[in-house]
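We did not get these values from a lab; they are worked out from the coordinates using the rules stated. Since this is a predicted model, take the numbers as computed values, not measurements. So basically every Cβ, Gly included, is an ideal-geometry build from the backbone, and we count neighbours across all protein chains shown.
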Amino acid sequence: MENKVLATVEGKDITSQDVNIFLQQLGQERAAQFNNEEGRAQILNELVNQKLLLADAIDNKVEETEVFKQELARLKDTVLTQININNLLISAKVSEEELKAHFEANKAKYAKPEEVSASHILMDDETACKEIYNKIKNNEIDFATAAKENSSCPSKEQGGSLGSFSRGRMVPEFEDAAFKMEIGQISEPVKTQFGYHIIKLDDKTPAQDVEYNQVKQTIANELMTIKQREVYVAKVEELKNKYKVEYK
């Protein structure tokens with residue numbers, strides 16, 4: 001993409017790339033508000049203002065002031081520290097053998113857990129809930145219609161469907177009942193902290209093992225984070241023995 005010059009202040013160019021960089025620094029949400037013709041024009045004006053203030057600072061010899069020298073020294077320390085940290089972290093390596101060994105030792109962690117797909121009808125009154133359950137069992141009303149007409153959960157608009165979920169996503173009483181059911185089965189009212197649920201099991205997917213290549217990058221990211229932390233801590237401990245540290 002062409003890096004077009006949009007304005008010049010005292011011989012210093014402001015380009016379309018400068019505007020793009022400013023946008024990126026705003027963060028995704030704010031950048032979306034300014035990433036249009038009017039917004040980019042506002043950013044360009046702000047960049048012009050900053051160049052004007054820079055020119056004024058140079059004319060007023062701000063860089064000769066003690067405040068500037070102190071700030072420059074602080075920034076220098078920050079940049080030097082960050083470059084050294086980056087170089088240190090780059091030295092951390094994870095071998096293919098380590099990745100495979102970690103995968104073999106933690107296969108259960110990366111396996112896709114068992115999932116069920118369920119629908120429910122949520123009601124406050126147990127007696128009323130039992131009456132609806134009996135009507136469904138006697139084929140006096142279908143489950144989706146009963147959910148739409150009686151459930152207090154927003155899922156009633158989808159016939160009570162909650163979609164798919166694994167263990168740990170629902171309250172224990174609901175989860176225990178759902179995972180014990182067979183596909184197509186409808187439960188008697190199940191009490192939870194939210195009320196009484198009639199549950200219909202729509203589908204069930206057993207736990208599935210995953211292949212190494214499917215999770216290799218995930219494992220690499222995890223182990224690299226650990227390795228970088230270890231390298232960082234080891235280096236700091238080494239430096240504590242090299243340089244004097246005093247807490248006051």
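Packing-wise, with mean Cβ within 10 Å as the measure, how do 108-115, 159-166 rank, highest first? Write out the running numbers ahead of the final one.
Numbers: 108-115: 13.2, 159-166: 17.2.
Ranking, from highest mean packing down: 159-166, 108-115.
May I ask you to give the average projected area over all directions of the convex hull of the Cα atoms of the chain, in nm² rounded to one decimal? Provide the component values of the computation, followed by the final result.
Details: hull surface 104.4 nm².
Mean projected area for the chain: 26.1 nm², to one decimal.
Using +1 at the Cβ of each Lys and Arg and -1 at the Cβ of each Asp and Glu in the range 112-205, identify which of Asn150, Met170, Asn139 lies farthest towards the dipole's positive end.
With unit charges placed on the Cβ atoms, the residue in question is Met170.
Could you tell me what fraction of 2.2 N^0.38 Å the Cα radius of gyration of the range 1-145 comes to, as a two-decimal ratio? Numbers along the way, then the final one.
On the way: Rg = 31.3 Å, N = 145, 2.2 N^0.38 = 14.6 Å.
Relative to the 2.2 N^0.38 Å estimate, the range 1-145 comes out at 2.15.
Roughly what would the spin-label model give for Thr225 and Glu157, points 7 Å off Cα along C-beta, in nm?
Between Thr225 and Glu157, the label points sit 3.5 nm apart.
Given a cut-off of 26 Å, name the pairs among Lys107/Lys191; Lys100/Lys227; Lys76/Lys242 whose C-alpha atoms lie farther apart than that in the structure shown.
Lys107/Lys191, as the Cα separations exceed 26 Å there.
Checking understanding here: applying a Kyte-Doolittle mean of at least -0.5 and a length along the axis of at least 27 Å (C-alpha), which whole DSSP H helices in the chain pass? Spell out each step's value before the answer.
Values: long enough: 37-59 (33 Å, -0.12); 66-90 (36 Å, 0.15); 212-242 (44 Å, -0.78).
Those that clear 27 Å and a mean of -0.5 are 37-59, 66-90.
Which value, to two decimals, describes the C-alpha radius of gyration of the range 1-81 once divided by 2.2 N^0.38 Å?
Compactness ratio reported: 1.33.
Can you list which of the trypsin sites (Lys or Arg not before Pro) found in the range 16-86 are DSSP loop residues with at most 11 other C-beta atoms within 10 Å? Let's see the in-between values first.
Working: sites: Arg30, Arg40, Lys51, Lys61, Lys69, Arg74, Lys76; in loops: Lys61.
In loop regions of the range 16-86 (DSSP not H, G, I, E or B), the sparsely surrounded trypsin sites (Lys or Arg not before Pro) are Lys61.
In nm, what is the difference between 0.36 nm times the number of residues separating Ile85 and Glu29 and their Cα-Cα distance?
On the way: separation 56, 0.36 × 56 = 20.16 nm, distance 2.98 nm.
Net length gain for the segment: 17.2 nm.
Within the set of other residues whose C-beta is less than 11 Å from the C-beta of Tyr212, count the net charge using Lys and Arg as +1 and Asp and Glu as -1. Could the numbers behind the result be given before it?
Numbers: positive: Lys100, Lys107, Lys216; negative: Glu96, Glu104, Asp209, Glu211.
It works out to a net charge of -1.
About the Cα centre of the range 1-60, what is the dipole size in debye to 20, counting +1 per Lys and Arg Cβ and -1 per Asp and Glu Cβ, all else neutral?
120 debye
Among the GluC sites (Glu not before Pro) in the range 160-205, which ones are in a DSSP loop with at most 15 other Cβ atoms within 10 Å of the Cβ? Mind listing them? Display every interim value, and only then the final one.
Numbers: sites: Glu173, Glu175, Glu182; in loops: Glu182.
For GluC sites (Glu not before Pro) across the range 160-205 that sit outside H, G, I, E and B with at most 15 neighbouring Cβ atoms in 10 Å, the list reads Glu182.
Can you give me the distance in nm between label points at Tyr232 and Asp13, each placed 7 Å from the Cα along the Cα-to-Cβ direction?
Simple spin-label model gives 3.9 nm for this pair.
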